Structure formats: C-alpha cells, structure tokens
Amino acid sequence: MKAVHFGAGNIGRGFIGLLLHQSGYAVEFVDVNEPLINEINKEKAYRVMLANEEKQEFFVENVSGINSQQQPDAVVEAISKADIVTTAVGPNILKFVAPLIAEGLKKRQQISGGTVNVIACENMVGGSSELKKHVVEKLAAEEIAWVEENVGFPNSAVDRIVPNQNNERLLDVLVEPFHEWVIDSTGMKGEQPKIEEALFVENLQAYIERKLFTVNTGHAATAYLGNMLEYKTIAEAIAQNDVKQDVLGTLGETGNVLTTKYGFDADQHQAYIEKIIGRFANPYIVDDVQRVGRAPLRKLGAKDRLVAPALEYFEEFGDVPAHLVKVIVAALQFVSEEDQESLTLKQMVEEKGAAAAFSEVSGLAMDHPLVVSVAEKF
C-alpha cells in the first residue's frame, strides 16, 4: 500500500508518517524543504523517539520524498496511484497544496484509479472540508462530479505534542507517548483505509469537543493557575497538589458537560482525564506556562476552552461552575510581556474593572451569573 503525505516536518514524520508506516504503507513525503527531502531520499528511513523514561524508539523505513516545487509532475503521478493522501502542513498552507492534489485527482480519473480518501491532519476544525473547497476550485464540472463520487475528504482530529528539539540527525524526531487520530467515518469513500491506531467514528464533533474541553481546557487551566503561583513549566505546575486538584475539579465540570451532552461513559472519560493529566506531568516535555497561557483574549471567547464549557455547564445544571470560574479569574490576571493580548487585557481590566472587561471579551451581559461570579472572585 502507498500513502502520499504532504508535510515532512516533525508532526508529519513523528505522528502521521509513523502511524501510516506501522499500518503497512510505504510513505512518500511531499514538501518544499529541499534539505529535508534530500535526506529522506538518501536515508530512506528515520527514527521516532518517545519523550518518556524508557526513551522508546521506532524505526520508520520504506519512505521517500518529493520536492513539490521541483517535481510537481512526480507529485501528480504519486497521487494518481496512492491508496491514501494525508496532510500535516498547517491550516494556512492547505490552499497552496490543493492545486497539486487537484491535478493528481484529475490524473487519477484519467487512468481510472478508483476511490481514494484525502485526510487533512491539521490543528483545526473541518480541515479536510476546507482542503476540499480549495481542490474543487481547480476542477471543471465533470471532474467535480467524479471527485464527489470517488474521493472522500473525511474530517479528522489529531492530538500529539511534538516538543521543540535539536537532534543530531536531521530526520530523527522526538514526540510525546500519547497520540490520538480520530477520523469521521461518514466522510469516507470506498473501503475504510487500514490505519491501525486511528479511531473511526460517526460523530466526530463529540471527539473534537472532548479534546477542546479536556486537553485545551486542562492545558490552559494548568498554565493560568500555575502562573499565578509563579511556576515556570506545565509539568512543574501540575506536580503541585493544589494546582492538580483545581485542574481535576475543572475537568470534572467539563466532563459532566461532555458525558451529559454526548453520552460518553463516565468511567472511561475519567480515565481519559487522568491520561491527559499524565501528559501535562511528563517531565520530558518542557512546556512554559507563559507560552501556553498566551492569547487570553481568544481563550476567553464565548466559543473557546473556558467560557464555552462554563456556559454549557450553567445551562445544563443551573449552577455556576466554581472551578472554571477560578480559572477564568486566573486568565484575567495573566500577564506576559511577550504577549500583546495579555497586555491589552491587563489594560482593559485596569480601565474598566474585571466584570466589564470579562463581559466585553466573552460577549456576556454584565448581569450574567458567570460574569457576576467572576467579578466576585477576582
């Protein structure tokens, strides 16, 4: 089996490429990074190392690379014969890889290449749908009809931390042990691809929200609470029992929302929470609380990781979630000289007061119980 993967960076090699290799695919990486592609073609293999005490290693072989700037025809040829096409290029780059994917699908139609699935593995909601939009813009009506019949663009959610690193070998990559790749099975065409460690689900939105309200909420909570107590890293902060209990309390509140809304098994979800806390505590991942806490204006938005679950909790249970309120207060007090959003927020709080600042950022009325509670605890 053959996979064409756009993006030969650390996520591409250390996450998607690894899982595809472990599932029996020969992986062809497509990238514009000439030194990286040259090294892939020279070595035809690389190592993936886990950031844990055991320092486990995986050897990924049977890989090759194509420089899409220098060899666009080779990319088109590869797509026309691929069993699966994936991307990990960043949300803003999807529109730039779409034309080559479109040309590859055109050729696939010409040679009667059959069905294929194109999966964007990006840190965004609806990545494959976004990619499909850019692809069909490059196709004629009859080509679009063929794509609709034969090409799946199932959305997916991906989760794996790849820390900053400087390895002796260019292709080696260090990743955290935890990973999750969830794929919307309803968007597939033809036979479901064999990806052993991917989870195919019919309700992807539930898993997207589970990650947002657990991983992202928990990460932000650890950062803001840890920052208030002057801890420097996420691992250092979560190692303190007071911070850990507050984060567990926060994720207990978001967990109640998720299990009620989507029917997740409560025991299984609690195990998921414990696994996420374990990720934060990994001493081999150095994650600065000031980096994680940056952009508080966005993170305090009505649809983001703190206010969204707090509102759903209030609407579902008729009570203000005390732990989420504590985290929101900590977020309002977060200041980083290197983060303009935090400086803007600080100025808003100083000029208008905590209640008015939070009301403006979240879009909630001044008399909303959540705003009132935040102002009381500030």
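The values are calculated or read from the model by the stated rules, or taken from the named source; none is laboratory data. The shown structure was predicted, so the numbers you read here are calculated from the model rather than taken from an experiment. So basically every Cβ, Gly included, is an ideal-geometry build from the backbone, and we count neighbours across all protein chains shown. Surface accessibility is based on the protein's heavy atoms, side chains included, excluding ligands, DNA and RNA. Shrake-Rupley method; radii C 1.70, N 1.55, O 1.52, S 1.80 Å.
Residue check: ASP367 meets all listed conditions (1) part of a helix (DSSP H, G or I); (2) free of Cβ contacts under 8 Å to residues at least 60 places away in the same chain; (3) open to solvent by 50 Å² or more (accessible area, probe 1.4 Å) but one, namely (1). Can we say ASN117 is surrounded by fewer than 17 Cβ atoms within 10 Å (Cβ to Cβ) and not small (Gly, Ala, Ser)? When the stated conditions are applied, ASN117 does not pass them.
Applying the condition of being buried (at least 21 other Cβ atoms within 10 Å of the Cβ) and either among the acidic types (Asp, Glu) or assigned to a strand (DSSP E or B) (or both) to region 32-59 and asking which residue is nearest to the chain's Cα centre (by Cα) yields VAL48.
Of everything listed in (1) surrounded by 21 or more Cβ atoms within 10 Å (Cβ to Cβ); (2) more than 20 Å from the chain's Cα centre (by Cα), the single unmet condition for HIS5 is (2). With respect to (1) in a helix (DSSP H, G or I); (2) surrounded by fewer than 24 Cβ atoms within 10 Å (Cβ to Cβ), the lone exception for ARG13 is condition (2). Name the residues in region 180-194 that are open to solvent by less than 50 Å² (accessible area, probe 1.4 Å), part of a loop (DSSP other than H, G, I, E, B) and modelled with pLDDT of 95 or more, would you? Within region 180-194, just MET188 meets the criteria. Scanning region 11-57 for residues that are under 18 Å from VAL85 (Cα atoms) and either modelled with pLDDT under 95 or of a type in the set (A, V, I, L, M) (or both) returns ILE11, ILE16, LEU18, LEU19, LEU20, ALA26, VAL27, VAL30, VAL32, ILE37. For ILE119, the conditions (1) at pLDDT below 95; (2) within 25 Å of the chain's Cα centre (by Cα) all hold with the exception of (1). For region 281-290, the condition holds for no residue, the condition being that it is in contact with a Leu (Cβ under 7 Å, 6 or more places away or on another chain), open to solvent by less than 20 Å² (accessible area, probe 1.4 Å) and touching a residue at least 24 places away in the same chain (Cβ under 8 Å). Whether any residue in region 143-164 is polar (S, T, N, Q), in a loop (DSSP other than H, G, I, E, B) and at negative phi is what I want to check. The answer is yes; a qualifying residue exists. Identification of helices (runs of 4 or more DSSP H) wholly contained in region 197-291 with 3 or more residues that are more than 15 Å from VAL327 (Cβ to Cβ) and modelled with pLDDT of 95 or more yields 204-211, 241-262, 266-280. Residue check: is PRO163 modelled with pLDDT under 95 and closer than 30 Å to GLY278 by Cα? When the stated conditions are applied, PRO163 passes them. Take VAL97 and tell me if it is open to solvent by less than 50 Å² (accessible area, probe 1.4 Å), under 23 Å from GLN205 (Cβ atoms), at pLDDT 95 or above and of a type in the set (Val, Ile, Thr). Spelling it out, it is not the case that VAL97 is open to solvent by less than 50 Å² (accessible area, probe 1.4 Å), under 23 Å from GLN205 (Cβ atoms), at pLDDT 95 or above and of a type in the set (Val, Ile, Thr). If you filter region 314-340 down to residues that are assigned to a helix (DSSP H, G or I) and surrounded by fewer than 18 Cβ atoms within 10 Å (Cβ to Cβ), you find that the one that is nearest to the chain's Cα centre (by Cα) is GLN340.
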